[in-house]
1. Looking for whichever is among the β-branched types (Val, Ile, Thr), modelled with pLDDT of 70 or more and closer than 19 Å to residue 65 by Cβ here; the options are 93, 114, 121. Which one fits?
2. Picking from 88, 109, 104, which residue would you name as being within 30 Å of residue 22 (Cα to Cα) and at pLDDT 95 or above?
3. Mind listing just one residue for me: the one in segment 23-56 that is hydroxyl-bearing (Ser, Thr, Tyr) and farther than 23 Å from residue 79 by Cα and, of those, surrounded by the most Cβ atoms within 10 Å (Cβ to Cβ)?
4. For segment 29-42, give me each residue that is over 11 Å from residue 87 (Cβ atoms) and either in contact with a His (Cβ under 7 Å, 6 or more places away or on another chain) or free of Cβ contacts under 8 Å to residues at least 60 places away in the same chain (or both).
5. Taking segment 84-113 as the region of interest, how many residues are in a strand (DSSP E or B) and of a type in the set (D, E, K, R)?
6. Can you list residue pairs whose Cβ atoms sit under 8 Å apart, with the first residue in segment 63-78 being under 17 Å from residue 98 (Cα atoms) and the second being not in a strand (DSSP E or B)? Count only pairs 6 or more apart in sequence or on different chains.
7. Return the residues of segment 79-100 that are closer than 21 Å to residue 49 by Cα and touching a Ser or Thr at 6+ places or on another chain (Cβ under 6 Å); say none if nothing qualifies.
Amino acid sequence: MVNDTITAAVSHFSTYAILDYPPSPAEFVVSSLAVTPTSVKSGEQVNITAVVSNIGGTAGNYNVVLKVNGVVQNEKAVTVDTGATTTVEFTLTENIANSYNLDVNGQSVAFIVTVPAPVTTYTQTMLPQITTTALTQPQLR
């Protein structure tokens with residue numbers, strides 16, 4: 001087939017059929033899941049990236065789902081041409097010190113949230129000024 005045209009030499013009149021198989025449907029693979037940084041302080045942001053590849057025969061849409069400790073946190077729909085890849089990015093901020101397991105369509109990675117070191121500030125406390133007065137005792141004679 002050239003330019004969507006099939007050519008064949010025919011030396012007699014007959015019925016011919018041309019068979020073609022349709023391309024395979026879109027098929028997606030998620031890879032290269034990464035979280036940066038892997039350890040943050042409470043309230044700091046982490047970046048999550050995953051590569052989505054279409055290994056099927058046609059372009060298609062794919063729903064990329066981010067789960068944190070098994071709970072859906074975010075979803076993004078992507079369209080990927082056949083044979084192409086795209087990078088999907090998420091950001092996440094957690095405020096509780098813990099280890100968090102991330103799952104993106106079956107791929108997993110973890111990160112840790114720590115409590116920031118307490119900030120200790122010292123202030124000078126003013127002590128009251130104590131003054132003493134000399135007491136006189138009666139003198140004995």
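The values are calculated or read from the model by the stated rules, or taken from the named source; none is laboratory data. Owing to the predicted nature of the structure, the values given are computational and were not obtained by experimental measurement. For neighbour counting, all protein chains shown are included, and Cβ atoms are generated from backbone atoms with ideal geometry for every residue, glycine included.
1. Just a single option satisfies the conditions, and that option is 93.
2. After applying the criteria, what remains is 88.
3. The qualifying residue surrounded by the most Cβ atoms within 10 Å (Cβ to Cβ) is 42.
4. 29, 36
5. The total comes to 2.
6. From segment 63-78, the pairs are 68/94.
7. 80, 82, 85, 87, 89, 95
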